[in-house]
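As structure tokens, the structure follows; a few thoughts come after it.
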Amino acid sequence: MTESKDTLNQRIKENLTPEQLQDLKDFYVERLVDNMSTKDLVAYVTDDMSDYVNKLSPVEFFEEGYNYWEDDFDEIVEDFKGGQSENDLDGAN
């Protein structure tokens, strides 16, 4: 491939409609996922979720965690704080 990426991008756009290109992308993803082992899928989702939560602010992460764990959230946070009986994360202290 000696052509520049811009030139190649233009040639692709001239030969495929946006819908065709999206369909091709969707088919690629479908086939890629279909051929992944369960172990590979778990690794991929774990990496993706780790990246996602690491980009959240602390408040956004706490909202996500609370929505997931609901009534158990405070107890889980307490466990990670070393089992302290006082939890000052809600601003009450």
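The values are calculated or read from the model by the stated rules, or taken from the named source; none is laboratory data. Keep in mind that this is a model prediction, so the values were computed, not measured. We place every Cβ from the backbone using ideal geometry, glycine too, and count neighbours over all the protein chains shown. These accessible areas exclude ligands, DNA and RNA; they are computed on the full protein's heavy atoms, side chains included. Shrake-Rupley method; radii C 1.70, N 1.55, O 1.52, S 1.80 Å.
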Exercise. Taking the range 56-70 on its own, how many of its residues are open to solvent by less than 90 Å² (accessible area, probe 1.4 Å), over 15 Å from residue 80 (Cα atoms) and in a helix (DSSP H, G or I)?
Worked result: 2
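Suppose we filter 46, 7, 2 for residues that are among the β-branched types (Val, Ile, Thr) and either part of a loop (DSSP other than H, G, I, E, B) or touching a residue at least 60 places away in the same chain (Cβ under 8 Å) (or both); which single one remains?
Of the residues listed, the single one that is among the β-branched types (Val, Ile, Thr) and either part of a loop (DSSP other than H, G, I, E, B) or touching a residue at least 60 places away in the same chain (Cβ under 8 Å) (or both) is 2.
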For this session: Output the qualifying pairs, or none if there are none: Cβ atoms under 9 angstrom, residues six or more apart or on different chains, first residue in the range 22-38 and without any contact (Cβ under 8 Å) to a residue 24 or more places away in the chain, second residue of a type outside the set (S, T, N, Q) and open to solvent by 80 Å² or more (accessible area, probe 1.4 Å).
Result: 33/44; 36/44
For this session: Inspect the range 23-32 for any residue being more than 18 Å from the chain's Cα centre (by Cα), surrounded by 11 or more Cβ atoms within 10 Å (Cβ to Cβ) and at pLDDT 90 or above and give the result as yes or no.
Result: yes
